[in-house]
Amino acid sequence: MAGWIETLSQVRRPHLGEDVPLLVFRAFRVFTGMYLEDVLGHKGATALIQNAGRELGKEVGERLQDSSLDRYIGKVIDFVKDAKIGLLIPVDLKEGSLVVALDECITCAGMPNIGKRICHFEAGFVAGIVEAHTGNKVRAYETKCNAHGDGICEVVVEMNYA
Ligand SMILES: [Zn+2]
């Protein structure tokens, strides 16, 4: 997926500009996700969306790369906030696993409880961010989501996952 960010960043919309309402982003994102789930089933759709997020996370992670882990985490938190993806909060970091919360999540903040977690792209994005720094493949999954009634998004990353 290398080079796609440069391609996408070339915008020519002299009348409409670069901003879109959040609802438009969510509709594109969630309708795509629901349709994929109809076609591929829950497991297939989740894997596909999560891996797409992972590819983007790796691209972004490579751009924010820093030899210091603390500085890298700081840059990622700033990026996620500046891009208005959400407010990334490290919750727990211990040997072999990392837990991060995403408050005010771009996809689900404020949504009513629909009984399922929907931020698989974001979970994959976090995985890609971690992989860009460690060079190791990790496993990630969403453990909390506004769409599941949890009031916040939370992603667990299992490191050293072969
Ligand atoms: Zn979310």
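The values are calculated or read from the model by the stated rules, or taken from the named source; none is laboratory data. Given the structure is predicted, the values throughout are model-derived calculations rather than measurements. Reconstructed Cβ throughout: ideal geometry from the backbone, glycine too, with neighbour counts over all protein chains shown.
Among the residues of the stretch 33-43, is any under 22 Å from residue 106 (Cα atoms), in contact (Cβ under 8 Å) with a residue 60 or more places away in the chain and assigned to a helix (DSSP H, G or I)? The answer is yes, given that some residue of the stretch 33-43 is under 22 Å from residue 106 (Cα atoms), in contact (Cβ under 8 Å) with a residue 60 or more places away in the chain and assigned to a helix (DSSP H, G or I).
For the stretch 67-86, check the following and say yes or no: at least one residue is modelled with pLDDT of 95 or more, within 24 Å of residue 22 (Cβ to Cβ), of a type in the set (Asp, Glu) and assigned to a strand (DSSP E or B). Looking for residues that are modelled with pLDDT of 95 or more, within 24 Å of residue 22 (Cβ to Cβ), of a type in the set (Asp, Glu) and assigned to a strand (DSSP E or B), one finds none in the stretch 67-86, hence no. For the stretch 133-149, the set of residues classified as part of a strand (DSSP E or B) and either within 16 Å of the ligand (Cβ to nearest atom) or of a type in the set (S, T, N, Q) (or both) consists of 140, 141, 142, 143, 144, listed by residue number. Tallying residues that are surrounded by 15 or more Cβ atoms within 10 Å (Cβ to Cβ) and more than 13 Å from residue 154 (Cβ to Cβ) within the stretch 87-103 yields 0.
For the stretch 100-132, taking the residues that are free of Cβ contacts under 8 Å to residues at least 40 places away in the same chain and either among the acidic types (Asp, Glu) or closer than 16 Å to residue 49 by Cα (or both), the one that is farthest from the ligand (Cβ to nearest atom) is identified as 116. Residues in the stretch 1-57 that are among the polar types (S, T, N, Q) and out of contact with any His (no Cβ under 8 Å at 6 or more places or on another chain): 7, 9, 10, 32, 51.
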